[in-house]
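Asker: I have a structure I would like to understand better, so I am pasting it below and will then ask my questions one at a time.
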Amino acid sequence: MTKESKEHKEKRRPHDGSKRKGQDETDRIADLTETSQRLQAQYENFQKRVDKEKALMSAHVRADVLRRMLVLLDAFDGALRHVHDPKAVAAIKPLAETAEKTMQEMGVRPMETVGRAFDSHYHEALLVEERSGKDNIILEEFQKGYMLGDQVLRHAKVKVGKEPDEQKAQTEDETGQKGKGTQDTQDKQDTGKNTGGGN
């Protein structure tokens, strides 16, 4: 090996080392960047989960507080139904209206029940009474039910109508006889067609 080639090789070695060192630093920066991004994403997901849990907890606490406040509405409602003194009614009514308006502003609204179909998702049946033509219809409301948005804040306690057994049996018999009569007529028509086809 000539002296010139040896010097050239020695000059090239430091250059190759610097290149490798630069590549190592680039790889290290890429790894750190990836790690940083992953940690950032994990933190953001954690923060979202915490915020969601806080919102659920807040909604739960709010619903619980409003549910407890329904006692006030019940008290005013009961007073207005049982107190007959005009002066007392005049004193209670504005308070009742203010309380109801405040609850409505907070998203609470009473359910409409009497005359509507019973639904166990919204109503609680305390009594069932036989009443012709009122099967599964709410006849009376014992305690108001309330909604908070789309959520049931409190089920309405009601009395539900039930079709009398005799009336129900009679209706079923009439329906069955009507169906049988229709089938007999159809059978006769089919028989007539078959007879006519034979001739």
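Asker: Residue by residue through the range 111-131, note down the ones that are within 15 Å of residue 150 (Cβ to Cβ) and not charged (D, E, K, R).
Answerer: Answer for the range 111-131, where residues must be within 15 Å of residue 150 (Cβ to Cβ) and not charged (D, E, K, R): 111, 121, 122.
Asker: Still on this structure, please answer the following. Return yes or no: is residue 153 modelled with pLDDT of 90 or more, in contact with a helix residue (DSSP H, G or I) (Cβ under 9 Å, 6 or more places away or on another chain), under 30 Å from residue 71 (Cα atoms) and not in a loop (DSSP other than H, G, I, E, B)? Walk me through it before giving the result.
Answerer: On the way: modelled with pLDDT of 90 or more: yes; in contact with a helix residue (DSSP H, G or I) (Cβ under 9 Å, 6 or more places away or on another chain): yes; under 30 Å from residue 71 (Cα atoms): yes; not in a loop (DSSP other than H, G, I, E, B): yes.
Yes.
Asker: Okay, moving on. Of these, 124, 130, 112, 105, which one is modelled with pLDDT under 95 and touching a strand residue (DSSP E or B) at 6+ places or on another chain (Cβ under 6 Å)?
Answerer: The unique qualifying residue is 130.
Asker: Please go through the range 90-132 and pick out each residue that is of a type in the set (Val, Ile, Thr), under 13 Å from residue 152 (Cβ atoms) and in a strand (DSSP E or B). Show your work before the answer.
Answerer: Going residue by residue through the range 90-132, those that are of a type in the set (Val, Ile, Thr) are 92, 98, 102, 108, 113-114, 128.
In the following step, the residues that additionally are under 13 Å from residue 152 (Cβ atoms) were identified as 108, 113.
Matches in the range 90-132: 108 only.
The values are calculated or read from the model by the stated rules, or taken from the named source; none is laboratory data. None of the values given here were measured: they were computed from a predicted structure. For neighbour counting, all protein chains shown are included, and Cβ atoms are generated from backbone atoms with ideal geometry for every residue, glycine included.
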